[in-house]
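To keep things clear, I will list the structure first and then write my remarks on it.
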Amino acid sequence: MPGGVIYQIYPRSFADSNGDGVGDLPGLTSKLDYLQWLGVDVIWSSPTFPSPNADWGYDVADYCAVHPDLGTVDDLDALIAGARRRSIEVWLDLVPNHTSDQHPWFAEHPEYYVWAKGIPNDWRSVFTGKTAWRLDKRFDRRYLHQFTPEQPDLDWWADAVRDEFDRILRFWFDRGVAGFRIDVAHGLINDKLLRDGREYMRERPEAHEIFARWQEVAREYDPKPTLMGETYVSLDKLTAYYEHLDLAQNFDFCRAEFELDELRPIVEQTMREIPENRVPIWFGSNHDHSRMATRWGKGDERRHRAALFLLLTLPGWAILYQGDEIALADGKVPKSRVTDSARPPRDPERTPLPWTPSGEEWRDPWLPLTNTSRNVADQRDDPGSTLHYTRQLIEQRRQLADDGYETLPSSDGVWAYRRGERTCVLNMTDASAKHEGRTLEPWQGLIL
Ligand code: GLC
């Protein structure tokens, strides 16, 4: 069972090369040595395409270009080449469910979108909670938007849309992009008859034939690029996505409390149900959720390290969101600086990554840099830091055999599992605990 470590970049907040307060691709490329030192296998960047930023890049205005705030296509080529020299793959974020309303298609190809006369059903926008059907005066018809009104949904029943995306995939695969995270994979296609009910807006079985088609495109390349779905579904529905996606993100795991009784059953069920020769994937943070240092760590760095231990010793893939490696907590964003239209706003998990204690590398950043006490430079100088702990775990995980997971008997509050020849034990409590004669400090994890 192969696997690796993916490092998720939120490009506006990762590293700023030109002092304009917005992270960019040359900034990211300048940090490749750091990412290589950390030991990651893949970087996945949130969207890098031109966008009016109604949803910070998740409203795409051109799928075959780079947002001028982030750089140029040449900069992306340089990133891919630099990463490749360090044996790191670059995956991009494909946003196929919707475009920006500023995408030329919305004016030139209205037939690419989902339309209705009047409000045809009870579908609601995830962001506004109101009807997902917006009146477009040009046609006196309404278009579907599962997210903001500036993000009209594409009509995946239209062959032309399917053809466009085949071209987009090839455009980036030809440039060396080694994979895609697929935004809103679970909501890609909507019921053709527009029937009432959330289950008709999302999680439609017809999405799978589209993923299968993308795999055909991917198979034209060697090595075959990876397709990872943002599969925002409950665990009992997750494994179906493995039929045609290489990886399906496990949101029940991410959203659980950091409690043994919550997480262990999720891991056990995932391992039981995942199809043979498919690989699980674990994460605790991303750009849409409160960071794991805050939500799981609750300010206690030992708890955060326990979470890193778990992510990095379970079988398969792990995703670290930028800052997880230094136990970065959610930023504090005053109301006047909130940029996100979702409620609650997701700005706190998107604040810039502090590289130094002074934060001088971020001049007037687009979101405030509120706390630099946990920063890369200090932690790199301190062998006892969470950054070094993360790096050691990434190194050690290479010794864990690929053959699955088995829960082992353990005392209360201790999670013990077999990974091939090795055993992982994690104390999930605030108190010392025992495992087979060994004492575990609170929240301590050991590979035996
Ligand atoms: C996904 C993205 C999120 C975005 C939404 C709409 O859930 O992760 O950031 O707002 O899709 O594209």
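Along the charge dipole of the stretch 1-71, which of Gly19, Tyr7, Cys64 sits closest to the positive end, that is, farthest toward it, with unit charges on the beta carbon of Lys, Arg, Asp and Glu (+1, +1, -1, -1)?
The one lying farthest along the dipole's positive direction is Tyr7.
Counting other Cβ atoms within 10 Å, which trypsin sites (Lys or Arg not before Pro) in the stretch 276-353 have at most 14 and lie in a DSSP loop?
Details: sites: Arg278, Arg291, Arg295, Lys298, Arg302, Arg303, Arg305, Lys332, Lys335, Arg337, Arg346, Arg350; in loops: Arg278, Arg291, Lys298, Lys332, Arg346.
Loop-located and lightly packed - Lys298, Lys332.
For Cα pairs less than 8 Å apart in space and 6+ apart in sequence, what is the mean separation divided by the residue count of the chain, i.e. the relative contact order in percent?
With pairs under 8 Å counted, the relative contact order is 14 percent.
When the dipole is taken about the Cα centre of the stretch 186-314, and only Lys, Arg (+1) and Asp, Glu (-1) are charged at their Cβ, what size is it in debye, to the nearest 20?
Using only the charged Cβ atoms, the result is roughly 360 debye.
Rounded to the nearest angstrom and ordered from largest down, what semi-axes does the equivalent ellipsoid of the stretch 75-151 get from its C-alpha gyration tensor (root of 5λ)? It would help to have the intermediate numbers written out before the result.
Details: eigenvalues 259, 45, 14 Å².
Equivalent ellipsoid of the stretch 75-151: 36, 15, 8 Å, largest first.
I need the phi-derived Karplus couplings for the stretch 36-49: 6.51 cos²θ - 1.76 cosθ + 1.60, θ = phi - 60°, integer Hz, Gly and Pro marked x.
5, 4, 5, x, 6, 9, 9, 10, 10, 9, 4, x, 10, 8
Kindly provide the helix-only [θ] at 222 nm of the chain, computed as the sum of -39,500 (n - 2.57) over DSSP H runs of four or more divided by all residues, to the nearest 500 deg cm²/dmol?
Working: 14 runs with 121 residues, N = 448.
After summing the helix terms and dividing by the residues of the chain, the value is -7500 deg cm²/dmol.
How large is the Kirkwood hydrodynamic radius of the chain, in angstrom, based on all distinct alpha carbon pairs?
22.7
When the dipole is taken about the Cα centre of the chain, and only Lys, Arg (+1) and Asp, Glu (-1) are charged at their Cβ, what size is it in debye, to the nearest 20?
Roughly 680 debye for the chain.
So if a site counts as exposed when it's one of the GluC sites (Glu not before Pro), its DSSP state isn't H, G, I, E or B, and it has at most 16 other Cβ atoms within 10 Å, what's the longest stretch of the chain without one?
With a cap of 16 other Cβ atoms within 10 Å, the longest stretch comes to 1-205.
Equivalent ellipsoid semi-axes for the stretch 17-173, as square roots of 5 times the alpha carbon gyration tensor eigenvalues: give them largest first, rounded to whole Å. Walk me through the numbers on the way to the answer.
On the way: eigenvalues 237, 50, 37 Å².
They are 34, 16, 14 Å, listed largest first.
Take every Cα-Cα pair in the stretch 230-326 and report what % of them are more than 22 Å apart.
Of the Cα pairs, 24 percent sit more than 22 Å apart.
May I ask you to compute the full-extension gain from Val73 to Asp166, defined as 0.36 nm times their residue separation minus their alpha-carbon distance, rounded to one decimal in nm?
31.6 nm
Enumerate by residue number the chymotrypsin sites (Phe, Trp or Tyr not before Pro) in the stretch 126-179 meeting two conditions: DSSP loop (anything except H, G, I, E, B), and at most 13 other Cβ atoms within 10 Å of the site's Cβ. Mind dumping the intermediate values first?
On the way: sites: Phe127, Trp133, Phe139, Tyr143, Phe147, Trp156, Trp157, Phe165, Phe171, Trp172, Phe173; in loops: Phe127, Phe139, Phe147, Trp156, Trp157.
Answer by residue number: Phe139, Trp157.
How are the Cα pair distances of the stretch 335-448 distributed, in percent, across 10 Å bins from 0?
12, 26, 25, 24, 13, 1
Values quoted throughout were computed directly from the atomic coordinates according to the rules given, and no laboratory measurement underlies them. Predicted model only: the values in this text are computed from it and were never measured. Cβ atoms come from the backbone with ideal geometry, glycine included; neighbour counts cover every protein chain shown.
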